[in-house]
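The values are calculated or read from the model by the stated rules, or taken from the named source; none is laboratory data. Model, not experiment: these values are computed from the prediction. Heads up, the Cβs are rebuilt from the backbone with ideal geometry, glycines too, and the neighbour counts pull from every protein chain shown. Accessible surface areas use protein heavy atoms only, side chains included; no ligands, DNA or RNA. Shrake-Rupley method; radii C 1.70, N 1.55, O 1.52, S 1.80 Å.
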Amino acid sequence: MYRLLRELHLYVGLFFSPFLSIYAISAVLFNHLWAPPPAEEQAKTVRIALETLPPDGESLAQARALMRQLHLSGEVEWIHRRGDRWTNIRVVRPHESLMIEVDAQNQEAIVRTIPEGARRVLLFYHRMPGPHLVKVRRNWFVVRAWGWIADATVYAILLMTTTGLLLWWLLKAERTAGLLALGLGVLTFGGLVIALLG
Amino acid sequence: MSPRKGLFVRLWTRKLHFYVGLYFLFFLWLFALSGLSLNRPGWKWLAPEFRTESVPTERSIPHPLPENDRAAAQLVMETLGLRGELHQTERNLQTGTFKVWVHRPNRLYIATVEQKTGRVVELGERRTNLWGVLRDLHTFNGVSTEDRSQRRDWVFTTIWTLSMDALAVGIVFLVVSGLYLWIVRAGANRRWGIVALVAGTLLALWFLIGVPWLT
């Protein structure tokens, strides 16, 4: 029993250790704004002639069809149509964000690429897929795949904490000190939550 | 390192691995479950619910309100007894009102004050259920990467942020100490451990480096 729990704890922990590290490091970057804002001044704009215009509308399928034509990939965040002439599409990727403006009159797309910087790559993954834009979210396979990893990391944490608890409890010599650590943790956690909720 | 010293380091690394994990147990559960709720907004049983109620108040704010938004918001908060993180302010020139959002993980106060008279036009309180509270705790740090003008101004936000930092350090310690304990495990067959570690690392590197490089 002990051996089985230990092996489970170990192998799951080893596999997920890079992902746990990503979440831990990016949390500190979030808390202290240690990732610089997107480098707007380094943005690049290109104009690309379109072979065919995307059909009217604001659907994800239309945005995807346009992106295929432009040989672009990424997670579509929103599509906004302005009158008969312009359609705006915002696309995000871990290292950059794209603003695509489709000019129906001149049959061209103006693509503005804003670099996000290395540290913001971690922020991207920390908040993806996230609670926003539910209707369109997970439209890029990378975000879909990361979403599974994010879920799996949660299950891994639950599994590792449960197996860790059992492994500790089976070691009689560590029970007292462990209870003290657990009790201190409960007090800190409980005290903070009570103070915050009021 | 002498064998005795090595044994001592190994023993204490194992003890600390246990103690740190146990200390942060509830923090880990909180951030894991709230993370699941944030990433699965379509799962109804994990979804937060909100209800906003109007709070009757007879109080009025000393007027005229300070021109500085932050100072004006603090005056509104003190007068109405609203404690929490100052989330947002808004001056509406058309209606002549000043609006303040005060945030705590389980509630959001929205106060609308008439600038000339100091009359509280409306005081709303938005409450949420357990999942809403968990989600708020997950993201409650008083700053925003999108709006860098926001700053932490409530002492408990600062303490909570520091505890999140401590958890991050704790997780890194658990990862590093776990790796160390696995490496020094006497006579262990490390093959499957190497497979698990390399697979996880390669997958993470593909997301971090491979995706930006390929797209």
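Lysines near A:LYS172 by alpha-carbon distance under 16 Å, same-chain residues fewer than 8 away left out - which ones?
B:LYS15
State the Cα centre-to-centre distance between the stretch B:64-137 and the stretch A:107-155 in whole Å.
Each part's Cα centre sits 32 Å from the other's.
Given a 1.4 Å probe and heavy atoms of the protein chains only, how would you sort B:TRP43, A:TRP86, A:TRP168, largest accessible area at the top?
B:TRP43, A:TRP86, A:TRP168
What FRET efficiency would be calculated for the residue pair A:ARG119, A:VAL193, taking the C-beta separation as r and a Förster radius of 30 Å, to the nearest 0.05?
Efficiency, rounded to the nearest 0.05: 0.50.
Please report the Cα spread of chain A along all three principal axes, rounded to whole Å, starting with the longest.
For chain A, the Cα extents along the three principal axes come out at 77, 38, 30 Å.
Return the whole-Å distance between the Cα centroid of the stretch B:11-32 and the Cα centroid of the stretch A:1-63.
Taking the Cα centre of the stretch A:1-63 as reference, the centre of the stretch B:11-32 is 26 Å away.
What do you reckon, how do A:HIS71, B:HIS63, A:HIS132, B:HIS103 stack up by accessible area (1.4 Å probe), largest on top?
Output order, biggest surface exposure first: A:HIS71, A:HIS132, B:HIS63, B:HIS103.
Taking beta carbons within 10 Å but only from partner chains, what does the mean come to for residues B:156-168?
4
Over all directions, how big on average is the projection of the convex hull of the alpha-carbon atoms in chain B, in square nanometres?
18.5
At 1.4 Å probe size, with no ligands or nucleic acids counted, give the accessible surface of A:THR113 in Å², nearest ten.
Answer for A:THR113: close to 30 Å² accessible.
To the nearest whole number, what is the average tally of beta carbon atoms from other chains within 10 Å of the beta carbons of peptide A:172-183?
For peptide A:172-183, the averaged partner shielding equals 3.
If the viscosity is 1.567 mPa s and the temperature 4 °C, what translational diffusion coefficient in µm²/s does Stokes-Einstein give for the stretch A:40-116 when Rh comes from Kirkwood over Cα pairs?
Roughly 104 µm²/s, to the nearest whole number.
Can you tell me which aspartates and glutamates have their Cα less than 15 Å from the Cα of A:LYS135? Leave out same-chain residues fewer than eight positions away.
A:GLU58, A:GLU75, A:GLU77
May I ask you to list the lysines whose Cα is less than 22 Å away from that of B:LYS116, ignoring any residue fewer than eight positions away on the same chain?
Qualifying lysines at Cα under 22 Å: B:LYS99.
Considering only protein heavy atoms, with the full assembly of protein chains and a 1.4 angstrom probe, order B:LEU22, B:LEU33, A:LEU197 by accessible area, largest first.
Sorted by accessible area, descending: B:LEU33, A:LEU197, B:LEU22.
Could you check which residue among A:LEU33, A:LEU123, A:LEU171 shows the biggest mean-square fluctuation in a GNM of chain A with a 10 Å Cα cutoff?
Of the options given, A:LEU171 has the highest mean-square fluctuation.
Sort A:13-20, B:52-59, A:189-196 for me by packing, meaning the mean count of neighbouring Cβ atoms within 10 Å per residue, highest on top.
A:13-20, A:189-196, B:52-59
About the Cα centre, and with charges only on the beta carbon of Lys, Arg (+1) and Asp, Glu (-1), how big is the dipole of the stretch A:63-173? Nearest 20 debye, please.
Dipole magnitude for the stretch A:63-173 comes out near 240 debye.
Cα extents of the protein assembly as shown along the three principal axes, largest first, in whole Å?
Answer, in whole Å and largest first: 76, 65, 39 Å.
Specify the residue with the greatest mean-square fluctuation among B:LEU162, B:LEU93, B:LEU36, computed from a Gaussian network of chain B linking alpha-carbon atoms under 10 Å apart.
Per the Cα network of chain B with a 10 Å cutoff, B:LEU93 tops the list.
Taking chain A as a Gaussian network, where each spring joins two C-alpha atoms under 10 Å apart, which residue of A:GLY164, A:GLY117, A:GLY83 fluctuates the most?
In the Gaussian network model the winner is A:GLY83.
In Å², rounded to the nearest 100, what is the total accessible surface buried by chains B and A against each other with a 1.4 Å probe?
Its buried surface, counting both partners, is about 6100 Å².
Relative to the present Cα-Cα distance, how much length would full extension add between A:LEU179 and A:GLN42 at 0.36 nm per residue of separation?
Length gained, A:LEU179 through A:GLN42: 44.0 nm.
Give the carbon-plus-sulfur fraction of the accessible surface of chain A in %, rounded to a whole number; probe 1.4 Å, heavy atoms of protein chains only.
Of the solvent-accessible surface of chain A, carbon and sulfur hold 65 percent.
Using a simple spin-label model with points 7 Å from Cα along the Cα→Cβ vector, what separation in nm is obtained for B:LEU205 and A:LEU5?
3.5
What accessible surface, in Å², does a 1.4 Å probe find on A:MET1, ignoring ligands, DNA and RNA and rounding to the nearest 10?
Near enough 150 Å² of accessible area.
How many partner chain Cβ atoms sit within 10 Å of a residue's Cβ in peptide A:19-27, on average, as a whole number?
Mean inter-chain Cβ contacts per residue within 10 Å come to 6.
Set Lys and Arg Cβ to +1 and Asp and Glu Cβ to -1, take the dipole of the stretch A:40-116 about its Cα centre, and tell me which of A:GLN42, A:LEU72, A:SER97 lies farthest positive.
A:LEU72
What percentages make up the Cα-Cα pair-distance distribution of the stretch B:29-102 when the bins are 10 Å wide from 0?
In whole percents, the pair-distance histogram is 15, 34, 22, 22, 7.
Just the accessible area per residue of the protein assembly as shown, please: how many Å² with a 1.4 Å probe?
Using a 1.4 Å probe on heavy atoms only, each residue of the protein assembly as shown averages 52 Å².
Got a sec to turn the phi values of the stretch B:141-157 into Karplus ³J(HN,Hα) couplings, 6.51 cos²θ - 1.76 cosθ + 1.60 with θ = phi - 60°, whole Hz, x for Gly and Pro?
10, x, 10, 9, 6, 8, 10, 6, 7, 5, 9, 5, 9, 10, 4, 6, 5
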